[in-house]
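Read through the structure below, which is laid out as structure tokens, and then see the notes.
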């Protein structure tokens, strides 16, 4: 009997220890995770880490000195390219290993391996649109580019030097939580991470909603609602006179318009359409110092850890400072001793969807120019934590992979039709070449050559140098299209819908030292379509941010770096300025309730500046949103339809207030703009009151837009739920949800001028570090840090937190 | 004894060394099953809570409050307690088992069965 007790109690103790050591469901292994010696507690930083140290890292060819400054930015001094990128990989991994690993996993469609089947749909989608295939194609280009290969392999070696020395207790806390160890890093993983950014910036597609919307209207009405050139545009290249080059032959449009069958629902995970940015450079003729100033703020969906990682890279070939993408070598946006550059997304259409007609249910052959072509099958094995593997086959046509939604049933019994994707990010190009060259560029010619390698994501690259030049180049690989090619779902069986050539680099819109003394971009049209011979797409950002920047730069003189900082924080909405007077005019004051009167009066004296502490922006934005949906919801059924853009609606309201668009078809009466504006006002105030009570602190704009910084892997508690901010989506300071400036930078190129910058978050990706959410309040308030491009490790001892000496062994 | 050995062993070994030590200690040194559980539990509860509390204070509770948020919004100061309870439970159970097992091997000293 006693032996039975002994056996039972020992088994119980063993079982308990076992259960506490394994991951049950979404829970981490509890005792392993809570163990104060090696669990999450080991990631809680208990000192400021200020200690000089020497690291012995096998692989380095010569000693590397790393100066960690007071904000945790590594300034890396290496004696050759290999050591430089090795050290960049190592330093980035120390702070951001989980982010890197998670990014590469997400791109490859391998999240389910560690998160279980909740990410299966996401993984399938990533594989269906060919993300890993695109990264493989990039690696083909890397193979034939010795310099690029060296950079990527050195970086991977550096990351692995860090991973290999990690004991279980040293792992970043997210690995402990999800209960897995990081895989070795590789050049291929860097390619995967760069595909993520390409998807974020060029993976937006509205061809399906556009095809659907097109079927609802006559050709004339469709053109009114969806003009090819958005109203009130102030394009990047402002000239209305035709460009002087001889364009390559333009393809001819097919005669008959293709009517897509629209068999598949829209792709699931659209990147945010509001991904926009600002950049500009002002010439010495407009600045106080007589030298150029460059400014850039890139707007993305912000997370913690932050999207960017600051770094200085110094070797005999390069001395550059700026932000990098964790997982990708080189500096993406920044400055060196001679030049500075900044990005905004071009927003041209570089992603087309082709409707495919398969021969039969096996989907092994598809129709093309009267013949049947074979597909290439790519087997995708998705491993799922705690579940059997999921096997999928992705069909590749000569256009690209056929993406179809999980669980989708074919629309036609015998001819299942998916859509094939053609996307410039699938190409065999090594975009890293652009950054390697740009980091080292010392003048305008080197900049123009460097940016020719940036195939995707095409960026409007603002430039300024110490010699006094300013420039802006619209970059990227852009197909030469017939007008409206790719605006709707294309016919995959006809050659006429394909891309045949690309716009030559020297024929992309660009400006150098223009007479007006500045260049700028805010994702708007690259050029006036009447003047530029190539069709780039139609869905560029609306005019508000770009016009506001141009307006301010036009009227400013004797500009300082601080003026540029203030312009980045500008929160005036040109949309409100244009629209609000007409809206207010439609309201009948006598019929207002007490709350409505208060809201109305707040708008009466408003200067269209979206300050976080005011209630007027809350009222205006709620009003506009209800107005817009009241105007259009009776024209568009529920489903995947493109609605007219904001400026189109504004233009109709101001210029055709009695047009049929304002009549609410669900009522017997015939409404006009004024009626809808009035109804929308009442409804908007009702909503605000219902959700926030009587006007008070909850009506503040910052509360209404509720800016937040979610955790990268959406772990609750690991992000910031609310941040007090000003700005609006169409403001220069474009903040909404978690979207907004991901890196603000101002570089003064005068001899004694300095560079400044900030991003929301700290250098450390460790949630147990004080530095994890450092600077988010400073970011929200528009503060910028001074950025130091050191010439030697010992140049500024006062900014040094500690030093690392890395040595090979 | 459990506390001291565990603290030293945990500097290099994973957490499961704790129940092993508790088991062994109770095998050798415990007077009763109840006392074995209690001393096993208390030793590790004190060690884990104490160490976690020290980290909590020196980290300004930053990570503890995040983990609390992850566990459905629990306050950060609860984390050292949960830590101690988890470790204590594993250790106490193992110590209990250690005593019972040792008892099974002990020569029975059973006066009831002695002949008069």
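The values are calculated or read from the model by the stated rules, or taken from the named source; none is laboratory data. Predicted model, so just to flag it, every value in this text is computed and none were measured. Neighbour counts are summed over all protein chains in view; Cβ atoms, including those assigned to glycine, are modelled from backbone coordinates with ideal geometry.
Here is the figure for region A:38-54: residues that are modelled with pLDDT of 95 or more, more than 7 Å from every other protein chain (Cβ to nearest Cβ) and touching a helix residue (DSSP H, G or I) at 6+ places or on another chain (Cβ under 8 Å) total 2.
Applying the criterion of being out of contact with any strand residue (DSSP E or B) (no Cβ under 9 Å at 6 or more places or on another chain) and without any contact (Cβ under 8 Å) to a residue 24 or more places away in the chain to the residues of region A:714-738, the residue that is nearest to residue A:103 (Cα to Cα) is A:714.
Just one of the listed residues (A:668, A:695) is assigned to a loop (DSSP other than H, G, I, E, B) and free of Cβ contacts under 8 Å to residues at least 24 places away in the same chain, namely A:668.
Of all residues assigned to region A:89-104, at least one qualifies as being under 21 Å from residue A:423 (Cβ atoms), buried (at least 22 other Cβ atoms within 10 Å of the Cβ) and at pLDDT 95 or above.
Of all the listed residues (A:714, A:708), the sole one being assigned to a strand (DSSP E or B), surrounded by fewer than 22 Cβ atoms within 10 Å (Cβ to Cβ) and within 14 Å of chain B (Cβ to nearest Cβ) is A:708. Sub-7 Å Cβ pairs linking a first residue in region A:739-756 that is assigned to a strand (DSSP E or B) to a second residue that is surrounded by fewer than 24 Cβ atoms within 10 Å (Cβ to Cβ) and modelled with pLDDT under 95, at least 6 apart or interchain, are A:739/A:272; A:739/A:274; A:739/A:301; A:748/A:754, ordered by first then second residue.
Kindly indicate whether any position in region A:70-85 is surrounded by fewer than 17 Cβ atoms within 10 Å (Cβ to Cβ) and within 7 Å of chain B (Cβ to nearest Cβ). No, region A:70-85 contains no residue that is surrounded by fewer than 17 Cβ atoms within 10 Å (Cβ to Cβ) and within 7 Å of chain B (Cβ to nearest Cβ). Annotation note: of A:353, A:341, the sole residue that is touching a helix residue (DSSP H, G or I) at 6+ places or on another chain (Cβ under 7 Å), outside any loop (DSSP other than H, G, I, E, B), in contact (Cβ under 8 Å) with a residue 24 or more places away in the chain and within 26 Å of residue A:495 (Cα to Cα) is A:353. Looking across B:14, B:19, one residue alone is surrounded by 16 or more Cβ atoms within 10 Å (Cβ to Cβ) and part of a loop (DSSP other than H, G, I, E, B). It is B:14.
Identify, from the list B:67, B:20, B:12, the residue that is over 16 Å from the mean Cα position of the chain (by Cα), farther than 30 Å from residue A:719 by Cα and within 10 Å of chain A (Cβ to nearest Cβ). Exactly one of B:67, B:20, B:12 is over 16 Å from the mean Cα position of the chain (by Cα), farther than 30 Å from residue A:719 by Cα and within 10 Å of chain A (Cβ to nearest Cβ), namely B:12. Going by what's in this entry, would residue A:64 be described as buried (at least 17 other Cβ atoms within 10 Å of the Cβ), away from chain B (no Cβ under 14 Å) and touching a helix residue (DSSP H, G or I) at 6+ places or on another chain (Cβ under 6 Å)? In short, yes.
Within region B:70-86, the set of residues being at pLDDT 95 or above and at the interface with another protein chain (Cβ under 7 Å from one of its Cβ atoms) comprises B:82, B:83, B:86.
Would you be able to say whether some residue in region A:19-37 is in a helix (DSSP H, G or I), over 36 Å from the mean Cα position of the chain (by Cα) and more than 7 Å from chain B (Cβ to nearest Cβ)? Yes. For region A:123-140, which residues satisfy the criterion of being in a helix (DSSP H, G or I) and farther than 18 Å from residue A:383 by Cβ? Of everything in region A:123-140, those that are in a helix (DSSP H, G or I) and farther than 18 Å from residue A:383 by Cβ turn out to be A:133, A:134, A:135, A:136, A:137, A:138, A:139, A:140.
Total residues in region B:87-106 satisfying the condition of being more than 10 Å from the chain's Cα centre (by Cα) and either more than 7 Å from chain A (Cβ to nearest Cβ) or not in a helix (DSSP H, G or I) (or both): the figure is 5.
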